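The values are calculated or read from the model by the stated rules, or taken from the named source; none is laboratory data. If you're wondering where the values come from, they're calculated on a predicted model, not measured in any experiment. All Cβ positions, glycine included, derive from the backbone under ideal geometry; neighbour counts span all protein chains shown.
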Ligand code: C2E
Ligand code: MG
Ligand code: MG
């Protein structure tokens with residue numbers, strides 16, 4: 001940036017960088033306080049069985065409720081929390097809260113809904129994760145099958161033994177695993193199958209103009225066929241319009257998630273949504 005503006009822009013650039021750093025440390029400070037005051041909360045977004053038109057799960061999405069100030073996306077504060085070691089505390093609270101909510105849905109008679117929780121690579125490399133997962137399930141009196149951990153493809157790239165061991169051990173208990181944003185990385189489906197991955201969530205970028213892109217349609221056909229062969233469930237995410245969902249239905253993609261089907265909601269909003277869905 002400074003290069004494009006020439007040498008004289010250098011001090012201007014430094015100024016801008018300083019401001020950015022100040023803003024960042026202010027955010028980190030506020031986040032620490034928020035965690036201390038326990039004012040992070042969860043929204044939930046439904047995952048829909050496209051064949052039966054039924055909710056099968058809800059994904060927990062963390063929200064930073066900082067009162068009057070601007071909305072700060074988890075895409076901003078999760079990386080900050082990862083850099084500052086706060087992710088462990090946040091992750092633990094998200095798991096506990098998500099499991100408790102799932103137990104509430106099950107008691108309300110909405111069927112055997114499960115809950116999906118996003119897990120950062122840092123958490124996956126921490127050998128405390130399994131203990132925390134078990135504690136969360138026990139505290140909520142929830143069977144392990146009710147919990148799906150959404151991990152990133154990049155968590156597997158390093159071939160980090162401990163990550164594999166931890167995934168296999170939790171799978172043995174019955175906890176499910178989903179690869180989030182599948183399709184842009186490098187892991188092949190056979191590898192995921194061997195690891196015992198239960199689901200893949202297709203990155204929206206992969207199918208972004210599928211309606212009139214034959215290559216993307218072929219790609220989806222292939223992925224769906226191959227995944228079915230390996231008993232890996234496929235969830236299409238980012239469903240925002242009717243054309244997209246029609247194409248998915250035509251190709252027998254089993255599961256979907258997106259604003260068109262249900263936005264992320266507070267627990268009480270979700271309760272109303274589920275009540276309607278189960279009438
Ligand atoms: P993600 O796991 O890929 O979650 C999906 C994101 O897409 C959510 O953003 C959701 O609100 C948004 N979304 C849902 N449907 C649509 C749609 O139809 N169109 C579009 N354009 N977007 C849609 P959100 O809640 O801002 O979360 C962003 C990311 O932050 C998540 O991406 C996840 O990677 C991370 N995140 C959220 N909660 C947690 C958490 O508890 N722990 C960790 N480690 N990461 C989290
Ligand atoms: Mg996710
Ligand atoms: Mg994402």
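Only one entry in 137, 142 is buried (at least 19 other Cβ atoms within 10 Å of the Cβ), away from ligand 3 (no atom under 16 Å from the Cβ), without any contact (Cβ under 8 Å) to a residue 40 or more places away in the chain and more than 19 Å from residue 233 (Cα to Cα), namely 137.
Do we find that residue 100 is in contact with a strand residue (DSSP E or B) (Cβ under 7 Å, 6 or more places away or on another chain) and at pLDDT 95 or above in this structure? No; evaluated as a whole, the condition is false for this residue. So for region 223-232 (the condition being farther than 17 Å from residue 167 by Cα and either within 16 Å of ligand 3 (Cβ to nearest atom) or not in a helix (DSSP H, G or I) (or both)), does at least one residue qualify? Within region 223-232 (the criterion being farther than 17 Å from residue 167 by Cα and either within 16 Å of ligand 3 (Cβ to nearest atom) or not in a helix (DSSP H, G or I) (or both)), the answer is yes, since at least one residue qualifies. Here the condition is being modelled with pLDDT of 90 or more and within 16 Å of ligand 2 (Cβ to nearest atom); of 41, 58, it holds for 58 alone.
Just one residue in the set 57, 103 is more than 12 Å from ligand 1 (Cβ to nearest atom) and either over 17 Å from the mean Cα position of the chain (by Cα) or assigned to a loop (DSSP other than H, G, I, E, B) (or both); that residue is 103.
Starting from residues that are closer than 15 Å to residue 78 by Cβ and within 16 Å of ligand 3 (Cβ to nearest atom), keep the ones in region 41-62 and report whichever is surrounded by the most Cβ atoms within 10 Å (Cβ to Cβ). Result: 59.
Here is the figure for region 97-134: residues that are over 18 Å from residue 43 (Cβ atoms) and either in contact with a helix residue (DSSP H, G or I) (Cβ under 6 Å, 6 or more places away or on another chain) or free of Cβ contacts under 8 Å to residues at least 60 places away in the same chain (or both) total 17. A search for C-beta distances below 6 Å between a residue of region 179-202 that is assigned to a loop (DSSP other than H, G, I, E, B) and any residue that is within 16 Å of ligand 2 (Cβ to nearest atom) and at pLDDT 90 or above, counting only pairs 6+ apart in sequence or on different chains, returns 183/202; 197/177; 197/179; 198/176; 198/177. Please specify each residue of region 199-227 satisfying the condition of being within 16 Å of ligand 2 (Cβ to nearest atom) and out of contact with any helix residue (DSSP H, G or I) (no Cβ under 8 Å at 6 or more places or on another chain). Listed by number, the residues that qualify are 199, 201, 203, 204, 205.
Residues are listed down the side, and each one gets a yes or a no for (1) within 16 Å of ligand 1 (Cβ to nearest atom); (2) free of Cβ contacts under 8 Å to residues at least 24 places away in the same chain; (3) surrounded by 21 or more Cβ atoms within 10 Å (Cβ to Cβ):
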{"position": "33", "(1), (2), (3)": "no, yes, no"}
{"position": "39", "(1), (2), (3)": "yes, no, no"}
{"position": "64", "(1), (2), (3)": "yes, no, yes"}
{"position": "85", "(1), (2), (3)": "yes, yes, no"}
{"position": "91", "(1), (2), (3)": "yes, no, yes"}
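Once region 238-252 is narrowed to residues that are within 15 Å of ligand 1 (Cβ to nearest atom) and touching a residue at least 40 places away in the same chain (Cβ under 8 Å), the residue that is surrounded by the most Cβ atoms within 10 Å (Cβ to Cβ) is 248. Just one of the listed residues (181, 198) is within 16 Å of ligand 3 (Cβ to nearest atom) and under 22 Å from the mean Cα position of the chain (by Cα), and it is 181.
When region 145-178 is examined, which residues are found to be assigned to a loop (DSSP other than H, G, I, E, B) and either touching a residue at least 40 places away in the same chain (Cβ under 8 Å) or crowded, with 20+ Cβ neighbours inside 10 Å (or both)? If the condition is that a residue be assigned to a loop (DSSP other than H, G, I, E, B) and either touching a residue at least 40 places away in the same chain (Cβ under 8 Å) or crowded, with 20+ Cβ neighbours inside 10 Å (or both), then 175 is the only one that fits. Taken over region 66-83, the criterion of being over 18 Å from residue 122 (Cβ atoms) and either surrounded by 22 or more Cβ atoms within 10 Å (Cβ to Cβ) or near ligand 1 (Cβ under 9 Å from one of its atoms) (or both) is satisfied by 73 alone.
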